[in-house]
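Comments concern the structure below.
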Amino acid sequence: MTNPSTLYRGGVLHCPADPSATALLVSDGRIAWLGADADAPRADRVVELDGALVTPAFVDAHVHCTDTGLSLSGLD
């Protein structure tokens, strides 16, 4: 069974592959399309971003927050 596709549009997308992108389509849990609102494909669901920032595929694998918390609970 496939997941419904979702179009996120009307946002500010930080994506070096398409710096002018304002919309993206997620299908089956993956980014399937990225581009301008006007060129967006049909989707089962549409989410209006109202100018919100979206950073597709941004993953911070660092543990700086955890490390900071651990250092605060110790002695200097």
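If amide H atoms are built 1.01 Å from N in the plane of the peptide, which residues on other chains or at least 5 residues away come under 5 Å of the amide H of A21?
Residues meeting the amide H criterion: none.
Amide H to amide H, which residues 5 or more places from V46 or on other chains are under 5 Å from it, using H placed in the peptide plane?
L7
Over the chain, what percent of the accessible surface lies on carbon and sulfur atoms, probe 1.4 Å? Walk me through the intermediate numbers first.
Working: 3270 of 5900 Å².
Using a 1.4 Å probe with all protein chains present, the chain comes out at 56 percent carbon and sulfur.
Using the charge dipole of the chain (Lys, Arg: +1 at Cβ; Asp, Glu: -1 at Cβ; taken about the Cα centre), state which of G29, T66, G51 has its Cα farthest towards the positive end.
Of the listed residues, the answer is G29.
With each run of n ≥ 4 DSSP H residues scored as -39500 (n - 2.57), what mean residue ellipticity at 222 nm is computed for the chain after dividing by its residue count and rounding to the nearest 500 deg cm²/dmol?
Working: 1 runs with 9 residues, N = 76.
Rounded to the nearest 500, the figure is -3500 deg cm²/dmol.
Rounded to the nearest 5, what % of DSSP beta bridges with both residues in the chain are antiparallel? List each step's numbers first, then the result.
Working: 9 of 15 bridges.
Of all bridge pairs located within the chain, approximately 60 percent are antiparallel.
Could you give each residue of the stretch 24-40 its phi-based ³J(HN,Hα) in whole Hz, using Karplus coefficients 6.51, -1.76, 1.60 with θ = phi - 60°, and x for Gly or Pro?
Computed from phi, the couplings for the stretch 24-40 are 8, 10, 10, 9, 6, x, 10, 5, 9, 7, 8, x, 8, 3, 4, 9, 5 Hz.
To the nearest 10 Å², what's T66's accessible area with a 1.4 Å probe?
Estimated to the nearest 10 Å², T66 gives 90 Å².
So who's got an amide H within less than 5 Å of the one on L13, skipping anything under 5 residues away but keeping other chains? H placed 1.01 Å off N, in plane.
Here the answer is V54, since their amide H atoms fall under 5 Å of that of L13.
Determine the per residue accessible area of the chain with all protein chains present and a 1.4 angstrom probe, expressed in square angstrom.
Here the per-residue accessible area is 78 Å².
The values are calculated or read from the model by the stated rules, or taken from the named source; none is laboratory data. Not measured: the values here are computed from a predicted model. Quick reminder, even Gly has a Cβ in these numbers, built from the backbone with ideal geometry, and neighbours come from all protein chains shown. These area figures cover heavy atoms from the full protein model, side chains too; ligands, DNA and RNA do not enter into them. Shrake-Rupley method; radii C 1.70, N 1.55, O 1.52, S 1.80 Å.
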